[in-house]
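The values are calculated or read from the model by the stated rules, or taken from the named source; none is laboratory data. Values in this document were obtained by computation on a predicted structure and should not be read as measured data. With ideal geometry, Cβ positions are generated from the backbone for all residues, glycine too; neighbour counts draw on all protein chains shown.
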Amino acid sequence: MRITVLGSAAGGGFPQWNCNCPNCAGVRAGRIRAKPRTQSSIFVRPDDGVDGVLFNASPDILEQIRASPVLQPARALRDTAIAGVVLIDGQVDHATGLFMLRERGSLLPLWCTDPVAEDLSRGNPVLGVLSHYCGVARHAVPLDGGSFEVPGVPDLEFRALALTGKAAPYSPHREHPVAGDNIGVTITDRRSGGRLFYAPGLGAITPPVFDAMAGADAVMVDGTFWRDDEMPRLGVSSKRAREIGHLPQAGEGGMIEWLARLPASTARRMLIHINNTNPILDEDSAEHAALRHAGIEVCEDGMTIQL
């Protein structure tokens, strides 16, 4: 299978429109060596296939489609390579791009958990709005360990795992998390056997999560923050990383430590959903160098992984 990283930033993108933190101001002024990024999303398709699955529909989806020819195969007057959409959660940066797909000529095939469907029906009624346009054919993502597939992409198998995290701020159960607010997904190519574990929002690594990571050839996981107190230190928020459902990279029990425990068979270890405040965005920073030394990649828009 081929995985195209459409967007690699956290909500707001990089640089964030209203932010003048050292990273955002630095990249605008050319003072730091860093690449702009759109909000996180990936597209997965079989090696020799055209159609594939869009994971998360960010508010930047139209820009991402324009930048990624694989999403527009032009086989007909109106066409798309998106056979279906899988949502990891119901957050604004992962779900509101669905509005931009409203011109689809048929029901939009959408896979999400029941709690996410509730959030997008009540708290942020995306699904209701789309019913006035293309409409949505919604399918429940199983959380019992069972696999599912997306019609039109028969060579790929998907298996979801409930994660520790936070529901969207507009969720009816924001302060009372339930299983399915946030998921990780193992994507398996049935022909090659290649396996990716994808979890852009990850608040804690439990034994089942670590087992899923260790069983994959590649992992693409939460890279939101470097430090737990990153935003309070900069004065942009009082919230710590773990409070809002993100495991930071540095420090005891951080993502770097967990990734170091993976077996050698996990050949690629990648971070995605990177917040604009994270110093790893500066390619000359000590933090970026620490990741390189640890064999950890920082995802960039447009990169392609083959498994």
Could you tell me whether any residue of region 47-58 is surrounded by fewer than 23 Cβ atoms within 10 Å (Cβ to Cβ) and within 21 Å of VAL126 (Cα to Cα)? no
Looking at region 111-130, can you tell me whether even one residue there is in a strand (DSSP E or B), surrounded by 16 or more Cβ atoms within 10 Å (Cβ to Cβ) and in contact (Cβ under 8 Å) with a residue 24 or more places away in the chain? yes
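Quick grid of which residues meet (1) among the acidic types (Asp, Glu); (2) farther than 30 Å from ASP79 by Cβ:
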{"position": "ASN18", "(1), (2)": "no, yes"}
{"position": "ASN23", "(1), (2)": "no, yes"}
{"position": "VAL27", "(1), (2)": "no, yes"}
{"position": "ARG33", "(1), (2)": "no, yes"}
{"position": "PRO36", "(1), (2)": "no, no"}
{"position": "VAL44", "(1), (2)": "no, no"}
{"position": "ASP47", "(1), (2)": "yes, no"}
{"position": "VAL50", "(1), (2)": "no, no"}
With GLY105, GLY11 as the choices, which residue is assigned to a loop (DSSP other than H, G, I, E, B) and under 20 Å from the mean Cα position of the chain (by Cα)? GLY11
Select, from ALA95, ALA76, ALA34, ALA81, the only residue that is surrounded by fewer than 17 Cβ atoms within 10 Å (Cβ to Cβ), among the hydrophobic types (A, V, I, L, M, F, W, C) and more than 17 Å from MET220 (Cα to Cα). ALA76
LEU143 meets each of (1) farther than 24 Å from VAL5 by Cβ; (2) without any contact (Cβ under 8 Å) to a residue 40 or more places away in the chain; (3) in contact with a strand residue (DSSP E or B) (Cβ under 7 Å, 6 or more places away or on another chain); (4) not in a helix (DSSP H, G or I) with one exception, condition (2)
Checked region 283-299 for anything surrounded by fewer than 15 Cβ atoms within 10 Å (Cβ to Cβ) and touching a residue at least 60 places away in the same chain (Cβ under 8 Å); matches are GLU283, ASP284
Any chance ASP301 is in a loop (DSSP other than H, G, I, E, B) and farther than 30 Å from ARG45 by Cα: no
Which ones in region 277-298 are among the acidic types (Asp, Glu) and either in a loop (DSSP other than H, G, I, E, B) or in contact with a strand residue (DSSP E or B) (Cβ under 9 Å, 6 or more places away or on another chain) (or both)? ASP282, GLU283, ASP284, GLU297
In this structure, does PHE14 turn out to be of a type outside the set (Val, Ile, Thr) and touching a Phe, Trp or Tyr at 6+ places or on another chain (Cβ under 8 Å)? no
Does region 87-102 include one or more residues that are touching a Lys or Arg at 6+ places or on another chain (Cβ under 8 Å), part of a loop (DSSP other than H, G, I, E, B), farther than 15 Å from LEU6 by Cα and at pLDDT 95 or above? no
In region 146-191, which residue that is part of a loop (DSSP other than H, G, I, E, B) and polar (S, T, N, Q) is farthest from VAL85 (Cα to Cα)? THR164
The lone condition ASN18 fails out of (1) polar (S, T, N, Q); (2) within 21 Å of the chain's Cα centre (by Cα); (3) assigned to a loop (DSSP other than H, G, I, E, B) is (2)
